[in-house]
Amino acid sequence: MGTRGGDGSGRSGERNAGRGPADRAGAADEDPTAQAARTGTVSPTDGPDGPDGHNAERATFRLREPAPAHPAPTGPGRPDDPPRYAPAWLRLREPADAAARAHDLLDPLRIRLANLPSRADGLVVHDLGCGTGSVGRWLAPLLDGAQHWVLHDRDPYLLHFAAVGAPRSAADGSRVTVETRRGDLARLTPDALAGAGLVTASALLDVLTAEEVGTLAAACAAAGCPALLTLSVAGRVELAPAHPLDAEITEAFNDHQRRTGLLGPDAVTSAAEAFAAHGATVRAHPSPWRLGPGEAALAEQWLRGWVGAAVEQRPELREPAGRYLEERLAACATGELRVVVHHTDLLALCRPTGGSW
């Protein structure tokens, strides 16, 4: 979940080699590594269907062919192999993601979950664009009660990491189990979230289109479940010491995020409006990365991706941006650079429905 975040390397620099839903076209069946990965993390009594009784291999996502980079004059383009986020990048950013996520949204989420009818097999959480599973590792230990996490991604390689690295227990020691589902997250089918008690995603909204966000909001509303959608780019970056090119590179990067109709920095506003249109109560809270000397490795990779995306958007920046990057990397190496990458977390409390639990 470039993972997914406005964050240069994980969002735009790796969007072409990562979880960008705009060019996803994975199979909708369960990941072939899932059965092995689930060993020890899913109760044997759950079986392949998971605790909600829905077969994990059913088509929960409608697939879409990716647009070829260089379309042939005639005939359809051949789908490329599934793009991939590097697990090393996702591991590198995970501590910063965990530190940034807005804990202030957890109490209203807990209240909503506590007020919903309980079910014997616990809370069913659908994590969309799960990557290596960082949301589950962060959130599951913060919630009480048994949980079953359904991890969705188009990349079977990442799904394997997510399943084997999943937490085993909730805040109160209750059991946490997982299953994996491989498929395209860009377009949900109406029944994709049936039985869900919570939907989560991280660094996902800004690589969706307005239509896709609307579809997501409608699916959550139909399921009557809350959605916690974290680390969407806000379009603002602060670097200290300041540099004359900061603003221009930020602007070019933001334009890059909006290419091909993706929402980029407009994602949270669009999502809030989409959920509110379905009657949801929506709360947003800042969730910035704060990078200093202790996060130098992450800051370096973020800088390379951030500047690279800006140059891709505005090739005329190549020479000055190259010098800029050298200066910034030098400051990062000496511990002088401080970076704040602004994100926003969104909690949408959809109206409960009788069939959601």
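Some points to look at:
- Accessible area per residue for the range 201-272 is 31 Å², calculated with a 1.4 Å probe on protein heavy atoms, without ligands, DNA or RNA.
- C-alpha center-to-center spacing [the range 231-307, the range 110-164] in angstrom: 25
- Lys/Arg +1, Asp/Glu -1 at C-beta; the range 76-235 dipole; positive extreme among ALA217, VAL164, LEU123: VAL164
- The residue list ALA309, ALA348, GLY292 was ranked by how far each Cα lies along the charge dipole of the range 284-357 toward its positive end, using unit charges on Cβ atoms, and ALA348 comes out on top.
- Cβ-placed point charges (K, R +1; D, E -1), dipole of the range 188-345 about Cα centre in debye, nearest 20: 220
- Of HIS148, LEU239, HIS256, farthest towards positive along the dipole that unit charges on Lys, Arg, Asp, Glu beta carbons give the range 111-260: HIS148
- The packing ranking, built from the mean of other Cβ atoms within 10 Å per residue, places the peptides 238-246, 221-229, 328-336 in the order 221-229, 328-336, 238-246, highest first.
- Sulfur and carbon atoms: percent of accessible area, the range 118-274 [1.4 Å]: 54
- Over 21 Å [Cα-Cα, the range 147-226], rounded percent: 33
- Using a probe of 1.4 angstrom and keeping all protein chains present, the accessible surface of the range 122-182 works out to 25 square angstrom per residue.
- Once the gyration tensor of the Cα atoms in the range 190-254 is diagonalised, the equivalent ellipsoid follows with semi-axes of 35, 12, 6 Å, ordered largest first.
- Rounded to the nearest angstrom and listed largest first, the equivalent-ellipsoid semi-axes of the range 209-312 from its Cα gyration tensor are 31, 16, 11.
- Taking packing as the residue-averaged number of other Cβ atoms within 10 angstrom, the listed peptides 95-103, 197-205, 107-115 run from highest to lowest as 197-205, 95-103, 107-115.
The values are calculated or read from the model by the stated rules, or taken from the named source; none is laboratory data. Please read all numbers here as calculations on a predicted model, not as lab measurements. Every residue, glycine among them, receives a Cβ derived from its backbone with ideal geometry; neighbour counts consider all protein chains shown. Side chains included, ligands, DNA and RNA excluded: accessible areas come from the protein's heavy atoms. Shrake-Rupley method; radii C 1.70, N 1.55, O 1.52, S 1.80 Å.
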